[in-house]
Amino acid sequence: MSRSSYSKPVPHKSRQLTLNFAPIEFEDKELEIGVIPFKDKDQLRTLRQENAGTYLFHRYSEHIFSVALVKNVSVFGDQIIRKKLSDNLYLVANLVRNALIEYLNTIQRPVIRYDPLEFLADSTKENLLTKACPPDFEVPDWLSVRPRYVMPIRTVEFDNQPMSLGLALNVRTKRAIELPCSAFIRKGINVVGLYVSQPMKASDPRIAAYPKLLGQVQAVDGEHLQLTDTKDGRERVLASEVFLEPRKEAFKRCLAHIFREKAPAIEKRLENVISDFRSGPARLKQLQAVSEHLSKKALSIVPGVPFSLHAFLSEGYDNLPTIHKAPSATYVFDATGSKTSNWNDGGLTEYGPYDSRTFTPSTPRICIICQHTRQGQVEQFLYKLLNGVTVASLSKKGKRQPFAKGFVDKYALDGVETKIFFADDNTPQAYESAVRQALVHQKKEGFIWDLALVQIDEAFQLLYGDENPYLTTKVAFLSEQIPTQKFKIETIDVADSQLCYVLNSIALAMYAKLGGIPWLIESNRVITHELVFGLGSAIISKGRLGQKEQVVGITTVFAGDGNYMLSNLSTAVPMSEYKAALLDSLRETVIKVKHAMNWEVGSRVRLIFHAFKPMKNNEADAVKQLMEELGEYDVEYAFVHIVNQHPYILFDEAQPGIYDWETKKNGKGEFAPERKLFFRLSKHEVLLCLTGAKEVKRPQDGIPSPVLLRLHHSSTFKDTTYLARQVYTFSCHSWRSFMPASMPMTIEYSQLIAKMLGQLGTVSFWNPNAMLGRIGETRWFL
């Protein structure tokens, strides 16, 4: 890219998008490269350690390339080849990274990670904790909150342009507590309950030591610490050899020791400083400053081959790729497709739910489990949930009442029969007793509860397995094929102006768990039979370092009768079994849907997979092989990795943010681009905005990141515009909330299934066979 392409701003009427991607320009010279046969990772590691600073080694397939980093040294390798830099961008990326590390070392910025390259700001000049303290307060040099810059080097291939290289620059914050635990013990700071780590040397001497988490302090024993929740069995360590993990609680104790009675005020100011730091304008300003600083330095890929950074890509300079906007989702509220709306809640209020004419039971029986001491609050909540709530302040302003109709009228029910069963306290035993009363009552009366509403405390979420009253309650009801819906006492004990939105979401989930269909979303009218599979996962563990299990959930969606339908909702298995479970789900769904949709030999079938991780080649091959076994169809495939953690941020400098009702201030989501915007980074990568300024929950959340859609090379269906639009559509189709989701329903539901089944598995009396009953066909996990 030439420098002239960045010189002339181009105004845009409604937005001003900027991507945190600085193109790298270099002279396209030929390099002499040494070639060594690759044996194993130990060989590569040894070469790098023994020749650090002199040669760079880069693995390329079954070979290792070596490049001289200093003048007047011979090429290292069994053979020598010459290659143009533009033909080896991944090698160039390694050389650029090496040059940046060398430069950061010269200006004494700690590099804490090699790839992606990460470094810390100067602790003496850019300590955010200092900014949170009054001028006369001295902050010790061992305690800091610093900017942490992330600089991955990436390739892009915009439409009708060759592949190019650039720096995707991002910034976060990093807390640091740089004193050994022995010093805290001498200072009288309590370290019990905190986690500790041990510094480990990196293989590259230019990279700072990294912390290895050891465990949680259970007790102090002289110069030693007794640990629990350990990973490698080390239950006793020297306090002088370990450091506190700088999480919020450890940091809070340090602040309390240093600032005494002033600590709470300083902690609050620190939160505000960090919140401002995360805001869109502040973040972009910092990133542009770093990018501009690096662009002025004389940096070289190798001696005699300089490189430079350009400014971030921007609509203002007309060098961003073409920006697309996904069309709005169409919500359908009847089987004929005549009742539609672009607004889920508005359509539901006007037309009623999709299956209102056929839904049963029209008068559901719901039991309520709550603590005896919460009876009055729960009864008030229950009345408003069933009958609705009108907010006076909204009426005065002429605004819409989100939950005036209540659960019964909004979902076209004849009524609801309820009965409350009390727990004497907040223990699992007390909740178990209340559940037993509810089950005895249904047996005595000769019916089965359609749903159980369970009041919980927010603190329950920190409890594990048999110690968590909600989990034990949910297990008991699911074993009897009864879905549950929890509600936190802290959430319902709020003003009606907030409660109406809480009730609206709870009612939506309740109807779905009762087996109802609030709405469907209109699918694309194509001649192809389409099935979409979502794969999400959750990590389940007891404690931070206890044995972890990754559980994978599977959601299946298919296009039928012009709308997207859900099927096989409750599949979840350990990670080691997910491939077989996916194939089983695929087989079952294809057999089921081909009969329902009257597939014929030669029918065109499209299979789309939304996955939380990249699909492996053998997994894609297994899917294709299974489809060959199931029938003679014309099948095309799209394997889409939906990436949540990536380096890209998109700013809209024309977005001033919106009003936040909680803080009574403007500016929430400032610089956040509009939801539904997307563009291609390459033929197989798309950035899609699923969270805009309106969807940002709190001002302190800062600017949201888009999701990255990455198409696997084995895909035969390659229309990334179609795939991005579909992901956007599915982000509008969750029956857990009326708010748009930050992930498509295919992934969100799968993650919920995996997380909940994983948590249920920690309860000693859970029997997964319960999911084989009718409960497994409902949206019990919402």
Candidates Thr363, Thr390 - the one that is farther than 27 Å from Ile521 by Cα, open to solvent by 30 Å² or more (accessible area, probe 1.4 Å) and not in a strand (DSSP E or B) = Thr390
remark   = Exception for Met1 within (1) surrounded by 11 or more Cβ atoms within 10 Å (Cβ to Cβ); (2) at pLDDT 90 or above falls at (2)
ask   = Has region 439-452 got any residue that is in contact with a helix residue (DSSP H, G or I) (Cβ under 6 Å, 6 or more places away or on another chain), assigned to a helix (DSSP H, G or I) and closer than 23 Å to Phe781 by Cβ?
value = no
message = With the condition being open to solvent by 10 Å² or more (accessible area, probe 1.4 Å), in contact (Cβ under 8 Å) with a residue 60 or more places away in the chain and over 23 Å from Leu299 (Cβ atoms), I'd like the helices (runs of 4 or more DSSP H) fully within region 88-195 carrying at least 1 qualifying residues.
response = 128-132, 181-187
note = Of the listed residues (Ser714, Ser737), the one being open to solvent by 10 Å² or more (accessible area, probe 1.4 Å) and under 20 Å from Pro518 (Cα atoms) is Ser737
note = Flagged in region 50-86 as of a type in the set (A, V, I, L, M) and open to solvent by 90 Å² or more (accessible area, probe 1.4 Å), in numbering order, are Ile80
ask   = On the given criteria, is Arg675 in contact (Cβ under 8 Å) with a residue 24 or more places away in the chain, surrounded by 18 or more Cβ atoms within 10 Å (Cβ to Cβ) and within 20 Å of the chain's Cα centre (by Cα)?
value = yes
inquiry  = Considering only residues that are within 9 Å of Ser314 (Cα to Cα), touching a helix residue (DSSP H, G or I) at 6+ places or on another chain (Cβ under 7 Å) and either assigned to a strand (DSSP E or B) or modelled with pLDDT under 90 (or both), which ones fall in region 11-27?
reply    = Leu17, Thr18
request  = Pairs only if they're at least six apart or on different chains, beta carbon under 7 angstrom, first in region 718-738 and over 13 Å from Cys689 (Cα atoms), second among the small types (Gly, Ala, Ser); list them, first residue then second.
outcome  = Leu723/Ala638; His733/Ala329; Ser734/Ala741; Trp735/Ala509; Trp735/Ala512; Arg736/Ala509; Ser737/Ser505; Phe738/Ser505
request  = Please enumerate the residues belonging to region 678-692 that are open to solvent by less than 10 Å² (accessible area, probe 1.4 Å) and not β-branched (Val, Ile, Thr).
outcome  = Phe678, Phe679, Leu681, Ser682, Leu687, Leu688, Cys689, Leu690, Gly692
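Just the residues that are assigned to a loop (DSSP other than H, G, I, E, B) and closer than 23 Å to Phe609 by Cβ, please, taken from region 697-713. Please lay out each step first, then the result.
Here is the first cut: in region 697-713, the residues assigned to a loop (DSSP other than H, G, I, E, B) are 697-698, 702-706, 712-713.
Answer for region 697-713, where residues must be assigned to a loop (DSSP other than H, G, I, E, B) and closer than 23 Å to Phe609 by Cβ: Ser705, Pro706, His712, His713.
Could you identify the single residue in Val150, Val139, Val145 that is under 24 Å from Ala208 (Cβ atoms), at pLDDT below 95 and among the hydrophobic types (A, V, I, L, M, F, W, C)? If you could, list the steps in order and put the result at the bottom.
Details: Val150 fails: at pLDDT below 95; Val145 fails: at pLDDT below 95.
So the residue among Val150, Val139, Val145 that is under 24 Å from Ala208 (Cβ atoms), at pLDDT below 95 and among the hydrophobic types (A, V, I, L, M, F, W, C) is Val139.
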inquiry  = So, in region 482-513, how many residues would count as being of a type in the set (S, T, N, Q), at pLDDT 95 or above, in contact with a helix residue (DSSP H, G or I) (Cβ under 9 Å, 6 or more places away or on another chain) and not in a strand (DSSP E or B)?
reply    = 1
ask   = Of all residues in region 630-662 being under 23 Å from Arg604 (Cα atoms), of a type in the set (Asp, Glu) and free of Cβ contacts under 8 Å to residues at least 60 places away in the same chain, which is surrounded by the fewest Cβ atoms within 10 Å (Cβ to Cβ)?
value = Glu632
query = If a residue has to be open to solvent by 30 Å² or more (accessible area, probe 1.4 Å), in contact with a Ser or Thr (Cβ under 9 Å, 6 or more places away or on another chain) and modelled with pLDDT of 95 or more to count, how many in region 247-287 make the cut?
reply = 0
query = Which one of these is over 21 Å from the mean Cα position of the chain (by Cα), open to solvent by 20 Å² or more (accessible area, probe 1.4 Å) and among the β-branched types (Val, Ile, Thr): Val623, Val601, Val590, Val605?
reply = Val601
note = Given the conditions (1) in a helix (DSSP H, G or I); (2) touching a residue at least 12 places away in the same chain (Cβ under 8 Å); (3) over 16 Å from Thr484 (Cβ atoms), every one holds for Ala770 apart from (3)
inquiry  = Of all residues being β-branched (Val, Ile, Thr) and assigned to a loop (DSSP other than H, G, I, E, B) in region 406-438, which is surrounded by the most Cβ atoms within 10 Å (Cβ to Cβ)? Just the residue, please.
reply    = Val416
query = Any idea how many residues of region 28-40 are in a loop (DSSP other than H, G, I, E, B), over 23 Å from Gly166 (Cβ atoms) and open to solvent by 40 Å² or more (accessible area, probe 1.4 Å)?
reply = 2
query = Considering region 525-542 alone, what residues qualify as being out of contact with any Phe, Trp or Tyr (no Cβ under 8 Å at 6 or more places or on another chain) and over 17 Å from Ile747 (Cα atoms)?
reply = Arg525, Val526, Ile527, Thr528, Ile540, Ser541
key: Positions within region 679-713 being modelled with pLDDT under 95 and either among the aliphatic types (A, V, I, L, M) or touching a helix residue (DSSP H, G or I) at 6+ places or on another chain (Cβ under 7 Å) (or both), in sequence order   = Ala693, Val696, Pro699, Gln700, Gly702, Ile703
inquiry  = For the list (1) out of contact with any Pro (no Cβ under 9 Å at 6 or more places or on another chain); (2) open to solvent by 10 Å² or more (accessible area, probe 1.4 Å), I need the number of the one condition that Glu695 fails.
reply    = (1)
note = Screening Asp334, Asp355, Asp318 for residues that are within 30 Å of Lys84 (Cα to Cα) and either in contact (Cβ under 8 Å) with a residue 12 or more places away in the chain or surrounded by 18 or more Cβ atoms within 10 Å (Cβ to Cβ) (or both) leaves only Asp318
query = What residue, among those in region 514-548 that are at pLDDT below 80 and part of a strand (DSSP E or B), is nearest to Asp450 (Cα to Cα)?
reply = Ile540
Residue check, Gln481 surrounded by fewer than 23 Cβ atoms within 10 Å (Cβ to Cβ), of a type in the set (S, T, N, Q) and either out of contact with any strand residue (DSSP E or B) (no Cβ under 8 Å at 6 or more places or on another chain) or more than 29 Å from Asn769 (Cα to Cα) (or both) = yes
ask   = Taking the condition at negative phi, of a type in the set (Gly, Ala, Ser), in contact with a Ser or Thr (Cβ under 9 Å, 6 or more places away or on another chain) and open to solvent by 20 Å² or more (accessible area, probe 1.4 Å), does Ala596 pass?
value = no
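The values are calculated or read from the model by the stated rules, or taken from the named source; none is laboratory data. Since we're looking at a predicted model, the values are computed, not measured. All Cβ positions, even for glycine, are placed from backbone atoms using ideal geometry, and neighbour counts span all protein chains on display. Note: areas computed on protein heavy atoms with side chains; ligands, DNA, RNA excluded. Shrake-Rupley method; radii C 1.70, N 1.55, O 1.52, S 1.80 Å.
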